């Protein structure tokens with residue numbers, strides 16, 4: 001467990017149930033509570049109340065103001081690098097998993113041994129295999145006991161760990177070390193640090209989540225960026241069906257003891 005100022009982890013969440021508690025329970029196994037920072041974007045579902053980690057209220061009347069989110073990311077980079085050697089910024093449905101064959105101590109061991117200044121992750125998205133995984137996820141049980149399929153996704157190969165300030169493009173999928181821009185910089189992927197996205201872990205939850213998001217007040221979705229947040233039920237189902245052809249069996253070493 002990270003108990004010193006080697007690394008901090010930060011996320012932004014708004015009404016993240018039921019996935020955010022999974023996120024928090026996972027990272028609590030690898031970080032002492034004082035090194036976990038949750039930027040709470042006006043949540044009302046109770047998942048950010050009464051926690052032993054750092055919960056920082058942030059406010060924006062819009063559900064999706066991507067420039068505001070980007071500015072917030074850069075602001076917290078500066079804050080954390082004033083206190084920590086490294087920082088991690090991931091979404092509240094993204095789980096960083098160190099390959100257990102290389103790092104039996106998990107993410108904390110990876111962070112203790114890492115010497116790279118910036119790490120781009122090996123992106124995976126867990127997807128419900130609709131032909132064999134017919135039950136909804138029980139969020140109180142380990143995810144890897146219930147879902148055994150994922151896909152390799154370039155957009156999930158994010159830079160999540162850094163010891164320097166980076167200029168992220170919207171959504172933090174790409175970054176540049178030059179002046180602020182939305183240009184992509186290609187970095188080698190660390191094959192042993194997986195960024196696992198939970199967005200498609202359960203089609204029922206995905207439909208309900210998108211229905212909730214459609215009811216939020218958006219900003220600038222008409223320019224196309226972030227439009228997937230407003231998918232209809234039909235678009236969610238279409239996306240899930242398209243991903244069925246991309247599924248790969250999750251290796252056995254990633255089991256319920258990990259997530």
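Observations, loosely collected:
- Exposure proxy shown here: for 162, 43, 116, 61, the number of other Cβ atoms within 10 Å sets the order, fewest to most, as 61, 116, 43, 162.
- The structure shown yields Rg and Dmax of the Cα atoms in Å, and of the options (1) 17.5, 49; (2) 18.4, 57; (3) 22.8, 79 that calculated value carries the label (1).
- Taking 89, 194 and counting other C-beta atoms within 10 Å, the order from fewest to most: 194, 89
- Bridge orientation summary for the range 7-249: considering DSSP beta bridges with both residues in this region, about 45 percent are antiparallel.
- Convex hull volume per residue for the range 1-146, taking Cα atoms only, in Å³: 140
- The ranking of 201, 10 from fewest to most other beta carbons within 10 Å of each one's beta carbon is 10, 201.
Where a number appears in this text, it was derived from the coordinates with a stated rule and is not lab data. These figures come from a predicted structure and were not determined experimentally. Cβ coordinates were reconstructed from backbone atoms using ideal geometry, including for glycine residues, and neighbour counts include every protein chain displayed.
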